[in-house]
Amino acid sequence: MPEIWAGLDIGKTHHHCMVINADGTRLLSRRVSNDEAELLQLIGDVLEISRDVLWAVDLNHGGAALLIGLLVNHGQPVAYLTGLAVHHASGTYRGEGKTDAKDAFVIADQARVRRDLGLLRPGDEIAVDLRTLTTRRLDVVFDRTRQINRLRAQLVEIFPALERALDLTNKGPITLLTGYQTPAAIRRAGAKRLENWLKNRKVHSAAALAKTVVEAAQAQHTALPGETLAAAMVLRLAKGVMALDEEIAEHGESADPGQLPEGERVLRSDRGGRDARGVREAPRVPARPASRPRRPSGPES
C-alpha cells in the first residue's frame, strides 16, 4: 500500500492537488497551472514527502494529458476515477460545498480507500495516432453536415424545386452544383449535355440525375433577386463539401484498422480499454480483502 495519495481535480488551465496520508491527514494542498514547469515542481514536492505515492485523477484526456504524460515519464502510478464516481462520492463527505480543493481531497481519499481502481499506462504511438485521426475525422464529418445545411438554405432561396429534388448527402448532386446552380443554366445545358458532363466526372446514374434537375428547372422560370451572388455561394459551398469528402476519405484510409497490429485494431471502451488520448487503463485485479481505513471528517481548503 502507498504511503501517501495525491488527488488532482483536473481543470483546463489549472489543477488542484491534495496529498493525504494513510490516516487521511492533509499534507499538501496546492493549485497549479497546467504548465510543465509548475507540474514538474509539484511532482518534485510530492515526492519529497514520500517516494511511495499513488496519484489519482478524475480525467484521463484533454486538460489532464500533460500531467499524465509527465507522471508516466517519471514512472509514477496514476489511478483514474470517473467524474461521475467523484460526484457521487462527494455527497458522503462533510464540509463546504463543491470546491476544487474538496474534489481533490475526495479523489485522493477514494484512491486511498478503494481497491478496485485501475492504473493508467501509456498507449503506444499507433494507438495515439489512430485516436487523433479518428477525432479529426469526426470533426470533419460534423463540418460536412453543417456545410450541407448551409448549402440547402442557400439553394432554397433561389431554386427551391432543385433543393427538393436533390439528396445533397450524395456525391452526384454536390458535383452537379459545382457546375450548375440556376434554373436558366440547367435549361440551357439540357439533359443530354448535363448527362455527359456528369459522366465525365464519374457520377453514377448520370442520366437519371440529369433528367431530375432538368425537370426541376422546367418548373421554375423566374429568376429571383440576388440569384447571381447566391449561385456563387452555392458553388463555393458545394466545392467545400467535396473538399471535406476528400479529407474524410483520406482519414478513413489513414485510420484503416487493418494496418494495425492484432490487439490494437479497435479503440476499446471496456474497463481495460483505451481512453481518448491513447492511454490504456490496466485491467482491474481484485485485491485481497483489506480492512477499510478510517475516513476523515472532511477536507479543508
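Within region 229-245, residues that are surrounded by fewer than 16 Cβ atoms within 10 Å (Cβ to Cβ) have Cβ atoms under 6 Å from residues that are hydroxyl-bearing (Ser, Thr, Tyr) in these pairs: Lys239/Thr178, counting only partners at least 6 apart in sequence or on another chain. For the condition in contact (Cβ under 8 Å) with a residue 60 or more places away in the chain and either of a type in the set (Gly, Ala, Ser) or in contact with a helix residue (DSSP H, G or I) (Cβ under 9 Å, 6 or more places away or on another chain) (or both), Val156 does not qualify. Filtered by the rule that a residue be among the aliphatic types (A, V, I, L, M), in contact with a Gly (Cβ under 9 Å, 6 or more places away or on another chain) and either closer than 18 Å to Leu39 by Cα or exposed (fewer than 15 other Cβ atoms within 10 Å of the Cβ) (or both), region 59-98 gives Leu59, Ala79. The number of residues in region 99-115 being surrounded by fewer than 21 Cβ atoms within 10 Å (Cβ to Cβ) and within 27 Å of the chain's Cα centre (by Cα) comes to 2.
Does Glu157 count as assigned to a helix (DSSP H, G or I), within 25 Å of Leu244 (Cα to Cα), acidic (Asp, Glu) and touching a Lys or Arg at 6+ places or on another chain (Cβ under 9 Å)? Spelling it out, it is not the case that Glu157 is assigned to a helix (DSSP H, G or I), within 25 Å of Leu244 (Cα to Cα), acidic (Asp, Glu) and touching a Lys or Arg at 6+ places or on another chain (Cβ under 9 Å).
Computed from the coordinates by the stated procedures, all read-outs in this text should not be read as laboratory data. On a predicted model such as this, the values are computed, not experimentally measured, just so you know. Neighbour counts run over all protein chains shown; Cβ positions are idealised from the backbone, glycine included.
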